[in-house]
1. Work out the charge dipole of the chain with +1 on the Cβ of Lys and Arg and -1 on the Cβ of Asp and Glu about the Cα centre, then indicate which of P75, Y139, P61 is farthest towards its positive end.
2. Ranked highest first by average number of other Cβ atoms within 10 Å, how do 113-124, 43-54, 131-142 line up?
3. Taking the Cα centre of the range 65-145 as origin, sum charge times position over the Cβ atoms of Lys and Arg (+1) and Asp and Glu (-1), and report the length of that vector in debye to the nearest 20.
4. Name the residues whose placed amide hydrogens come within less than 5 Å of the amide hydrogen of I59, ignoring near sequence neighbours (fewer than 5 apart) on the same chain.
5. Note the per residue figure in Å³ for the convex hull of the C-alpha positions in the range 20-117.
6. Under 4.7 Å Cβ to Cβ, no partner at all: give me those cysteines from the chain, in residue order.
7. Please state, rounded to one decimal and in Å, the Kirkwood hydrodynamic radius that the range 17-59 gives when every pair of distinct Cα atoms enters the mean of 1/r.
8. If a helix is a whole DSSP H run, which ones in the chain reach 24 Å or further along their own axis (Cα) and hold a mean Kyte-Doolittle hydropathy of at least -0.5?
Amino acid sequence: MKSRVVIVLILLLAGGVWASQVPPGVVFDAKCRSCKFVNTHEKNGPKELCEKCRYSLAIYPQDKGSNSMDTGGFPAEIQENYKVFARSCSKCHPLARPIGHIPLKTIEEWKKYVIIMVRKPGSGVTLDSGLKVLKLIEYVKSKQR
Ligand code: HEC
């Protein structure tokens with residue numbers, strides 16, 4: 001009887017820690033969506049990249065959205081920034097992930113986020129590219145409002 005209470009407590013605690021790290025609706029799969037490699041369980045977490053091809057193992061609800069934006073009406077400079085965005089931000093997850101997050105995050109949050117993405121090991125995203133991505137996001141947000 002006592003051990004059951006302990007087990008329930010442990011489960012609740014683990015659930016709390018888990019919930020505080022994982023954004024709503026995010027699940028993850030040991031099997032990589034990009035290269036189909038099955039990662040070992042210990043390495044499998046929402047922040048983990050596939051050990052073989054470095055693709056994000058987390059699956060966001062936003063990942064199922066559109067993987068491109070209609071840039072027709074964008075000024076020339078922003079169109080160039082979009083190209084940097086499409087190249088840099090689709091390496092480890094669908095481009096739909098950042099596209100779907102544009103309206104959900106404030107510019108302050110985006111500044112922090114782009115830095116996090118730039119600093120991820122092997123991101124291949126330079127600070128200069130990061131600033132171009134931010135300019136694009138700022139522009140798109142200003143049009144969405
Ligand atoms: C090195 C691989 C990598 C690259 C390159 C990358 N991301 Fe990510 N991204 C991830 C991973 C892994 C996650 C899952 C959450 C985490 O680890 O922070 C993620 C999550 C996100 C999220 C979800 C944030 C949240 O609130 O949960 C956004 C938005 C995002 N990335 C935007 C971008 C943008 C914009 C770029 C281009 C500048 C980019 N990513 C480039 C790996 C990458």
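Every read-out reported here was derived from the displayed coordinates using simple, explicitly stated rules and does not represent laboratory data. Predicted model, so just to flag it, every value in this text is computed and none were measured. With ideal geometry, Cβ positions are generated from the backbone for all residues, glycine too; neighbour counts draw on all protein chains shown.
1. The one lying farthest along the dipole's positive direction is P61.
2. Peptide ranking by packing, descending: 131-142, 43-54, 113-124.
3. On the way: 14 positive and 7 negative charges, 48 e Å.
My answer is approximately 240 debye.
4. Distant-sequence amide H within range of I59: V27, F28, D29.
5. 115 Å³
6. C89, C92
7. On the way: mean 1/r = 0.0964 Å⁻¹.
One decimal place: 10.4 Å for the Kirkwood radius.
8. Helices meeting the criterion: 2-21, 127-144.
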